[in-house]
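Some notes on the structure that comes next.
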Amino acid sequence: MAESKKKCRQYSVDYLKSGFIPSLSDKQSPMCLLCNKVLQQSNDAMKPSKLEDHLMKYRPDKIGKDLKYFQTLKDKVQERPTVDKMFASTSQRDDDGLRASYNISLLIAISGKPHTSGEN
């Protein structure tokens, strides 16, 4: 018995014409560039007609915009700082300071003396 596999609709570059990019958290879900709404992950939501309907319903003033407009919006979304990017850069800088603090705390714990001895 052969099991039929359900095909999942993948993100296409043509969706940018309707103002959608892959979601930052889930690459299989489309995200609207104008309202930052992530649509549900289903084949029905990824249909180009559904994406155009979303644009007509929520942003009718942006229907006639060219691809260049949506490309600049995409670049702005990708350049804005995220929590992951901010913590990645600070954790690399503070890694040595945390390691030194941990080593001092470990020495105090091993010695069995009160924690105030670390202040000396």
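Please treat every number below as a calculation from the coordinates, not as lab data. Treat the numbers as computed from the prediction; the structure is a model and nothing was measured. A quick note on method: Cβ atoms are made from the backbone with ideal geometry, for glycine too, and the neighbour counts reach across all protein chains shown.
Some notes on this structure:
- For segment 9-80, the percent of C-alpha pairs falling in each 10 Å distance bin, counted from 0 to the bin holding the largest distance, reads 21, 59, 19.
- Per-residue Cβ neighbour counts within 10 Å put Tyr15, Tyr69 in the sequence Tyr69, Tyr15, beginning with the fewest.
- Full-stretch length increase - Lys17, Ala100 - with 0.36 nm per residue and alpha-carbon distance subtracted: 24.7 nm
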